[in-house]
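Peer 1: Starting off with a structure, shown below.
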Amino acid sequence: MAALAADDPVRISAELEQQVIEWRRDLHQHPELSNREFRTAKVVAEHLRKLGLEVQTEVAHTGVVGILKGAKPGPVVALRADMDALPVTEKTDLPFKSTATAEYRGEEVGVMHACGHDMHVAMLMGAAEQLAALQNELAGTVMFIFQPAEEGAPKGEEGGAELMLEQGLFADLKPDAVFGIHVWSAGTTGHIGYRSGPLMASSDRFEINVKGRQTHGSRPWGGVDPIVTAAQIINNTQTIISRQVDITKAPAVVSFGIVEGGVRNNIIPDEVYLEGTIRNFDMDNRAQIFENLKTTAEHTAASSGAEAHVHIDEGYPVTINNPELTAQMLPTIEQVAGADKVKVNPLVTGAEDFSFYALEVPGLFVFLGITPEGQDPATAPSNHSPYFYADEDALKVGTELYVNWVFDYAED
Ligand SMILES: [Zn+2]
Ligand SMILES: [Zn+2]
């Protein structure tokens, strides 16, 4: 790509930027929950078809995949945007604020793009338009992944990146690299946070059923007390991170979020139910903590004559940025955003299902700041807040990042 020199990034026009803003506002007013992104998918598919791309719809329920073939041979680069919104009632006073509602877990709830996925979709639609316009100069193939259900499929359903891959997303056309962007309130508008290696944690839910034997509260020796046993399990579990895991490898967290048991003050119940979350930045540590949790719970319970049944519901893996790809594409990020606005990001204990793509092919996932200059990103309403606000000036940066990743990757 001699025509587009490395220090001369492709910029989008003011018209295209305006178009991206309009798409974003339309999507913001029509947010849809995970696996229900029907309208969003239609908007995306129509746009990609209009651009002349090969389009596949209904991938993993509502996913849309577009393929753009450049005029010259070259690598396959995948760009990903997630499409789903959240069961949050918007409390901003934006003129295009969402008033949408939907059914969630049997209840009517407000729906809002409180995680900024409307920004992601609009930016990737803009990138598709720009890249299609430069098709004659493009070397290789671009795969546009518009993914449903990043926030998690509804109970009893599958979805998201994992299901797209299961359905063969990379089977026929395996990308050489995959790129993703997440907007977030923790950064100033247009600033980029990147990190080589692990960036975001794995997220796994666990359940522990502690089975004792019910008896009168005045005669504990007549039964087996699952409440005291559950308390011991909760305490002993704290030694997994502090005593059993090699903390020089990576930090980790085990937290309990639900403790349920008992109906009356003077009845020792049959059973106590515990639920919690495990976060990791190292896939080996993750496997070890699963084992440690089972051992600790089962043996603690056995020492009291109770039983503990541990179930781990594996969620998203660690989001790992390929170090070579990160190093290779850092100059592009700095050219697009401005070197003074690009910083190494601290580890994030939240999780992302972009991680599934990055386990298959080299991946790079970055954060794009959306809190306006002059405001403190540390106190701005965070992603998932009903007051979440995304500065649209960031859309240009994100769109250009997608476009230039494609060109610069093909060039190297
Ligand atoms: Zn989110
Ligand atoms: Zn998100």
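Peer 1: Would you confirm whether any residue within segment 127-145 is in contact (Cβ under 8 Å) with a residue 24 or more places away in the chain, touching a His at 6+ places or on another chain (Cβ under 9 Å), within 26 Å of Asp176 (Cα to Cα) and within 16 Å of ligand 1 (Cβ to nearest atom)? Show your work before the answer.
Peer 2: Here is the first cut: in segment 127-145, the ones in contact (Cβ under 8 Å) with a residue 24 or more places away in the chain are 127-132, 134-145.
So of that shortlist, the ones also touching a His at 6+ places or on another chain (Cβ under 9 Å) come out as 128-129.
Keeping just the survivors that are within 26 Å of Asp176 (Cα to Cα) gives 128-129.
Those left that are additionally within 16 Å of ligand 1 (Cβ to nearest atom): none.
No, segment 127-145 contains no residue that is in contact (Cβ under 8 Å) with a residue 24 or more places away in the chain, touching a His at 6+ places or on another chain (Cβ under 9 Å), within 26 Å of Asp176 (Cα to Cα) and within 16 Å of ligand 1 (Cβ to nearest atom).
Peer 1: Among the residues of segment 104-156 satisfying the criterion of being part of a loop (DSSP other than H, G, I, E, B) and under 18 Å from His47 (Cα atoms), which is farthest from the chain's Cα centre (by Cα)? Please lay out each step first, then the result.
Peer 2: Here is the first cut: in segment 104-156, the ones part of a loop (DSSP other than H, G, I, E, B) are 105-106, 111, 113-116, 134, 138, 148-156.
Still in the running and under 18 Å from His47 (Cα atoms): 134, 148.
Values: Leu134: 30, Pro148: 11 Å.
The residue in question is Leu134.
Peer 1: Being more than 27 Å from Ala153 (Cα to Cα) and either among the hydrophobic types (A, V, I, L, M, F, W, C) or modelled with pLDDT under 95 (or both) narrows it down to one of Ala252, Ala297, Ala287, so name that one. Step through it out loud before you land on a result.
Peer 2: Details: Ala252 fails: more than 27 Å from Ala153 (Cα to Cα); Ala287 fails: more than 27 Å from Ala153 (Cα to Cα).
Residue meeting the stated conditions: Ala297.
Peer 1: If you take the residues in segment 368-388 that are polar (S, T, N, Q) and either exposed (fewer than 15 other Cβ atoms within 10 Å of the Cβ) or within 15 Å of ligand 1 (Cβ to nearest atom) (or both), which one is farthest from the chain's Cα centre (by Cα)?
Peer 2: From segment 368-388, those polar (S, T, N, Q) are 371, 375, 379, 382-383, 385; that's our starting set.
Checking which are either exposed (fewer than 15 other Cβ atoms within 10 Å of the Cβ) or within 15 Å of ligand 1 (Cβ to nearest atom) (or both) leaves us with 375, 379, 382-383, 385.
Details: Gln375: 25, Thr379: 22, Ser382: 15, Asn383: 12, Ser385: 16 Å.
Only one residue fits best here, namely Gln375.
Peer 1: Within segment 252-286, take every residue that is closer than 22 Å to Asn209 by Cβ and among the small types (Gly, Ala, Ser) and give me the one that is surrounded by the most Cβ atoms within 10 Å (Cβ to Cβ).
Peer 2: Gly276
Peer 1: Just checking, does segment 92-102 include any residue being crowded, with 16+ Cβ neighbours inside 10 Å, within 16 Å of ligand 1 (Cβ to nearest atom) and closer than 24 Å to Glu22 by Cα?
Peer 2: yes
Peer 1: Any chance you could count how many residues in segment 3-38 are assigned to a helix (DSSP H, G or I) and over 21 Å from the mean Cα position of the chain (by Cα)? Spell out the reasoning first.
Peer 2: Initially, segment 3-38 is screened for residues assigned to a helix (DSSP H, G or I), giving 14-29, 38.
Filter once more, so that each one left must be over 21 Å from the mean Cα position of the chain (by Cα): 14-23, 25-26, 29.
Of the residues in segment 3-38, 13 are assigned to a helix (DSSP H, G or I) and over 21 Å from the mean Cα position of the chain (by Cα).
Peer 1: What number of residues within segment 115-135 satisfy the criterion of being within 16 Å of ligand 2 (Cβ to nearest atom) and not acidic (Asp, Glu)? Walk me through it before giving the result.
Peer 2: First pass over segment 115-135, keeping only residues within 16 Å of ligand 2 (Cβ to nearest atom): 115-124.
Subset that is not acidic (Asp, Glu): 115-117, 119-124.
So the answer is 9.
Peer 1: At least 1 residues that are farther than 29 Å from Ala250 by Cβ in each: list the strands (runs of 3 or more DSSP E) lying fully within segment 296-412 that qualify. Lay out the reasoning, then the answer.
Peer 2: Numbers: elements: 307-316, 319-321, 342-344, 363-371.
Where strands (runs of 3 or more DSSP E) fall fully within segment 296-412 and carry at least 1 residues being farther than 29 Å from Ala250 by Cβ, they are 307-316.
Peer 1: So the check is Cβ under 8 Å with 6+ separation or different chains; which pairs have a first residue in segment 172-186 that's farther than 27 Å from Gly74 by Cα and away from ligand 2 (no atom under 16 Å from the Cβ) and a second one that's among the β-branched types (Val, Ile, Thr) and in a strand (DSSP E or B)?
Peer 2: none
Peer 1: Condition test on Met112, is it within 16 Å of ligand 2 (Cβ to nearest atom), under 21 Å from Leu16 (Cα atoms) and not basic (Lys, Arg)? It would help to see each step written out before you state the result.
Peer 2: Working: within 16 Å of ligand 2 (Cβ to nearest atom): yes; under 21 Å from Leu16 (Cα atoms): no; not basic (Lys, Arg): yes.
Spelling it out, it is not the case that Met112 is within 16 Å of ligand 2 (Cβ to nearest atom), under 21 Å from Leu16 (Cα atoms) and not basic (Lys, Arg).
Peer 1: For Gly180, indicate whether it is within 16 Å of ligand 1 (Cβ to nearest atom) and not charged (D, E, K, R).
Peer 2: Working: within 16 Å of ligand 1 (Cβ to nearest atom): yes; not charged (D, E, K, R): yes.
Spelling it out, Gly180 is indeed within 16 Å of ligand 1 (Cβ to nearest atom) and not charged (D, E, K, R).
Peer 1: For segment 155-168, how many residues meet the condition of being more than 16 Å from ligand 2 (Cβ to nearest atom) and under 24 Å from Pro323 (Cα atoms)?
Peer 2: Residues flagged as more than 16 Å from ligand 2 (Cβ to nearest atom) and under 24 Å from Pro323 (Cα atoms) within segment 155-168 amount to 1.
Peer 1: A follow-up question, please. List every residue pair whose Cβ atoms lie under 6 Å apart, where the two residues are 6 or more positions apart in sequence or sit on different chains, the first residue falls within segment 234-260 and is within 24 Å of Glu271 (Cβ to Cβ), and the second residue, located anywhere, is at pLDDT 95 or above and among the aromatic types (Phe, Trp, Tyr).
Peer 2: The qualifying pairs are Ile234/Phe256; Glu260/Tyr273.
Peer 1: Filter segment 136-154 for residues that are of a type in the set (Asp, Glu) and within 16 Å of ligand 2 (Cβ to nearest atom); which is surrounded by the most Cβ atoms within 10 Å (Cβ to Cβ)?
Peer 2: Here is the first cut: in segment 136-154, the ones of a type in the set (Asp, Glu) are 137, 150-151.
Still in the list and also within 16 Å of ligand 2 (Cβ to nearest atom): 150-151.
On the way: Glu150: 25, Glu151: 20.
Among residues in segment 136-154 that are of a type in the set (Asp, Glu) and within 16 Å of ligand 2 (Cβ to nearest atom), the one surrounded by the most Cβ atoms within 10 Å (Cβ to Cβ) is Glu150.
The values are calculated or read from the model by the stated rules, or taken from the named source; none is laboratory data. Just so it is clear, the model here is predicted, and its values are computed rather than measured. Reconstructed Cβ throughout: ideal geometry from the backbone, glycine too, with neighbour counts over all protein chains shown.
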